[in-house]
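First up is the structure itself, then whatever we jot down about it.
Since every read-out is calculated from the coordinates, none of them should be taken as a lab result. Being a predicted model, the structure only gives us computed values, none of them experimental. Methodologically, a virtual Cβ is constructed for each residue, glycine included, from the backbone with ideal geometry; neighbour enumeration extends over all protein chains shown.
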Amino acid sequence: MRIPFTKMHGLGNDFVVLDAREFALPAMTAKVAAGLANRTTGIGCDQLILLEPSKIADFRMRIFNADGGEVESCGNASRAIALLHGAPADVETDGGLISLDPIGGGARVDMGEPRFGWSDIPLAYAMDTLDMPVGWGPLENPAAVNVGNPHVVFFVEDIDTIELERLGPEIEHDPLFPERVNVNVACIAARGAIKLRVWERGVGLTRACGTGACATAVAGMRRGLVERDVTVTLPGGDLRIEWNDHGRIIMTGPASTSFVGSFEWDDYA
């Protein structure tokens with residue numbers, strides 16, 4: 001069975017998009033998702049995105065990380081899908097409903113309301129999620145935020161001195177985080193600017209993470225370090241993050257289509 005796909009990216013965070021909104025595909029499995037994501041023997045991507053019909057929104061977006069695991073939310077993919085869809089839409093995700101609005105070269109996405117309860121992250125036991133009394137080497141006292149998926153945010157003086165490729169997987173798999181966690185290392189450049197690097201759960205170091213930018217901006221706002229409207233600079237580029245008066249996170253940034261193609265399903269099943 002020959003399956004069409006669209007390869008897209010948001011600030012270098014790349015996706016293989018399969019559109020099953022009108023034509024049913026075989027059931028997605030972790031094996032197929034990981035095979036397609038493999039950069040040597042597959043198409044190659046950080047996440048595989050599957051679009052399906054929805055009973056509660058315009059359509060449903062499912063997200064599979066490069067390791068084949070299904071996750072709840074992806075901010076960069078949301079902008080890419082807005083570009084692909086080409087019109088405003090409400091989208092069902094496992095992390096909740098989001099709203100997409102394509103703009104020139106990208107999209108504005110209402111990511112919903114952040115959650116801060118320890119059981120919402122989730123953590124293994126109760127603690128203050130604004131200033132967690134835990135640490136891993138030079139990374140101490142993070143904030144935790146759920147923005148559709150779980151994030152932990154460390155504010156440091158210099159993000160480039162942190163061995164995130166070593167510490168990221170250690171923190172991701174720590175028993176404190178029963179569903180694993182995305183690891184963000186950030187520094188405050190100004191009241192309206194944050195620099196950020198992200199270790200993404202199930203992916204690794206990534207050039208950009210939309211939900212990571214949202215979580216980090218909100219954590220900085222809760223601590224009074226930045227204003228309620230900031231630019232977050234990642235290795236792949238900039239995102240604008242606003243936490244508005246209604247408590248909702250608005251993310252604005254670019255997305256692009258790289259190429260289209262097709263593959264034989266049985267090669268990965």
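Data overview
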{"read-out": "Within a Gaussian network of the chain (alpha carbon springs, distance under 10 Å), most fluctuating of Asn13, Asn149, Asn38", "value": "Asn38"}
{"read-out": "Neighbour-count ranking [beta-carbon atoms within 10 angstrom, fewest first] of His246, His151, His85, His173", "value": "His246, His173, His85, His151"}
{"read-out": "FRET E, pair Asp67, Glu140, Förster distance 30 Å, beta-carbon r, rounded to 0.05", "value": "0.60"}
{"read-out": "Theoretical gain in end-to-end length, Asp58 to Glu113 [0.36 nm per residue, Cα-Cα removed]", "value": "17.8 nm"}
{"read-out": "Gain in span if fully extended, Ile103 to Trp265, counting 0.36 nm per residue against the direct Cα distance", "value": "55.0 nm"}
{"read-out": "Mean ellipticity per residue at 222 nm, deg cm²/dmol - from DSSP H runs of n ≥ 4 across the chain, formula -39500 (n - 2.57)", "value": "-4500 deg cm²/dmol"}
{"read-out": "Residue order, fewest to most beta carbons within 10 Å, for Tyr125, Tyr268", "value": "Tyr125, Tyr268"}
{"read-out": "Span from the the range 221-235 Cα centroid across to the the range 4-30 one, whole angstrom", "value": "31"}
{"read-out": "Candidates Gly224, Gly42, Gly106: whichever shows maximal mean-square fluctuation once the chain is modelled as a Gaussian network with Cα springs under 10 Å", "value": "Gly224"}
{"read-out": "Fewest-first ranking of Lys55, Lys195, Lys31, using other Cβ atoms within 10 Å as the exposure measure", "value": "Lys55, Lys31, Lys195"}
{"read-out": "Residue with peak Gaussian network fluctuation, the chain [Cα springs, cutoff 10 Å], from Phe116, Phe23, Phe177", "value": "Phe23"}
{"read-out": "Reported label for calculated log10 I(q)/I(0) by the Debye sum over Cα atoms at q = 0.09, 0.12 Å⁻¹ given [x] -0.42, -0.77; [y] -0.37, -0.67; [z] -0.53, -0.83", "value": "[y]"}
{"read-out": "Extension gain, Asp94 back to Arg2 (0.36 nm per residue minus Cα-Cα distance, nm)", "value": "30.4 nm"}
